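What follows is a single structure, written as structure tokens, with notes after it.
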Amino acid sequence: MTEIDALAPGTAGRWTHENTAVEFSEHLAPGEVVLDRQDGSLSIRHRLSSTDIGEALVHRLTDMNLSQREFELALVGLVRSTVTDPVEAWTTYYRNSLDDLLSGSADFAPVHERAEALVRGSVLDLGSCFGFFPLRLAMAGIEVTATDLSKGTMRLLGTVAPHLGATIDVLTADAAGIPVADGYADTVTALHLLEHVEDALGDRILAEAIRIARERVVVAVPFETHATACHGHIRTFDAEALRVMGSRTGLLFEVETFHGGWLVLDTSRVVAPR
């Protein structure tokens, strides 16, 4: 499956890729989004304005019973068919999303706020996706490196960040094998990443985070009854699962519940054997 080029040239008011077509329509009510499936194709019509494109779209699309790929295509299509210029479209999306996250109105805002309070010193963020959390840190004056397996999202983040006045390093890499030295950053964060991978890969990612972090590793996961497929979740967690994970590292750790679960590892201290 090819990566989506979110910055590719397009047609004003219309975006198509694979089996998905997204189109702006003056015939709909302001803010309306209409989805239609026919013969394996997905058609989305909308009348969104530039003020409508942001993190709030994630919640709306989650309720539309889409596959993970359809979710990704729909989100890119809505952004690109609302604002014609690719960089302007994504800068608008990022700015609106950051406004909602920083004001506390976005669903994910409490997670980012708690994570920012937990980091110490420089930060390397694993599985950054769009990179809202690394951007938040960079705009607060924190030295931060964003990483993700997706070359497209890292290119997007690197392109938009200067337009937001942020200085951020971006690195395309697998979270289980980041090409940086041991102790590269004071803190390594993995926010809502481990629910996307199988147990064995999750263990390798955690080991890599421990290798990179001089002081602490901060892991956040959602607590779900069922994995949310459209977001790419394939496993679920509870507090006990996090405690088991922390115990296996041999490090001092804390587990807490706050808008999901948190595992915070102290990489500077090993638990003394009993």
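Values in this text are rule-based calculations from the coordinates and carry no lab data. Note that this is a predicted model, so its numbers are computed, not measured. Methodologically, a virtual Cβ is constructed for each residue, glycine included, from the backbone with ideal geometry; neighbour enumeration extends over all protein chains shown.
By other beta-carbon atoms within 10 Å, ranking M64, M245 with the fewest at the front produces M64, M245. Fewest-first ordering of D174, D125, D148 by other beta carbons within 10 Å of each residue's beta carbon gives D174, D148, D125.
When the charge dipole of the chain is built from unit charges on Cβ atoms (+1 for Lys and Arg, -1 for Asp and Glu) and taken about the Cα centre, the candidate among M154, A29, T16 whose Cα reaches farthest toward its positive end is M154. Calculated mean residue ellipticity at 222 nm for the chain: -10000 deg cm²/dmol, from DSSP H runs with n ≥ 4 weighted as -39500 (n - 2.57), summed, divided by the residue count and rounded to 500. What net charge is computed for the residues neighbouring L137, neighbours being all others with C-beta under 11 Å from the C-beta of L137, Lys and Arg scored +1, Asp and Glu -1? Around L137, the charge tally is -2.
Most simply put, the chain has about 55% antiparallel DSSP beta bridges, counting only bridges with both residues inside it.
For segment 14-100, report the translational diffusion coefficient in µm²/s to the nearest whole number, using Stokes-Einstein at 20 °C, 1.002 mPa s, and a Kirkwood Rh over Cα pairs. In µm²/s, the coefficient is 166. Projecting the Cα atoms of H233, A176, I212 onto the dipole axis of the chain, where Lys and Arg carry +1 and Asp and Glu carry -1 at the beta carbon, places I212 farthest toward the positive end.
Each Lys and Arg contributes +1 and each Asp and Glu -1, all at the Cβ; summed about the Cα centre of segment 14-100, the dipole is approximately 100 debye. Cβ-to-Cβ counts within 10 Å put F223, F253, F24 in ascending order as F223, F24, F253, the fewest first. The mean sequence distance of close C-alpha pairs (under 8 Å, at least 6 residues apart), as a share of the length of the chain, puts its relative contact order at 14 percent. From the Kirkwood radius over Cα pairs of the chain, Stokes-Einstein at 4 °C and 1.567 mPa s returns a whole-number translational diffusion coefficient of 66 µm²/s.
Over all other residues within a Cβ to Cβ distance under 10 Å of G202, the charged ones net out to -2, with Lys and Arg as +1 and Asp and Glu as -1. Apply the a/c threshold of 1.5 to the C-alpha gyration tensor of segment 81-184 and tell me whether it is rounded, prolate or oblate. Judged from the Cα gyration tensor, segment 81-184 comes out oblate (a/c at least 1.5, b/c at or above a/b). Near A8, once Lys and Arg are set to +1 and Asp and Glu to -1 for all other residues with Cβ below 15 Å from its Cβ, the sum equals -2.
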